[in-house]
Amino acid sequence: MAPEDAFQREVFRRELDTTSDASRLRELALELYDLWQRQRSVTTQLVLQEIRQP
């Protein structure tokens with residue numbers, strides 16, 4: 001994991017740990033889900049691209 005990614009992960013983790021407001025936790029969960037879906041899509045595209053190369 002790149003240092004920038006590790007830093008962002010830690011920032012996100014700390015925000016989750018310090019948030020007790022249910023609506024804010026919901027927003028963070030939706031943001032995390034969106035990021036996961038985007039990463040999943042990019043990974044799929046890269047794998048398919050690798051498979052299709054001769």
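Each value in this text was obtained by applying a stated rule to the coordinates, not by laboratory testing. None of the values given here were measured: they were computed from a predicted structure. Note that each Cβ is placed from the backbone with ideal geometry, even for glycine, and that neighbours are counted across all protein chains shown.
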Original post:
Where does helix 3-18 land angle-wise versus the long Cα axis of the chain, in degrees 0 to 90, nearest 10?
Top reply: 30 degrees
Subject >> Candidate values (1) 8.4; (2) 4.5; (3) 3.4, label of the one derived for mean projected area of the Cα convex hull in nm² >> reply: (2)
**OP:** Note down the nm distance, to one decimal, between modelled labels 7 Å out along Cα→Cβ at Asp34 and at Val47.
**Re:** 2.5 nm
**OP:** Rounded to whole Hz and in sequence order, give me ³J(HN,Hα) for segment 19-35 from the Karplus expression 6.51 cos²θ - 1.76 cosθ + 1.60, θ = phi - 60°, writing x for Gly and Pro.
**Re:** 8, 10, 6, 4, 5, 5, 4, 5, 4, 5, 5, 5, 5, 5, 4, 4, 4
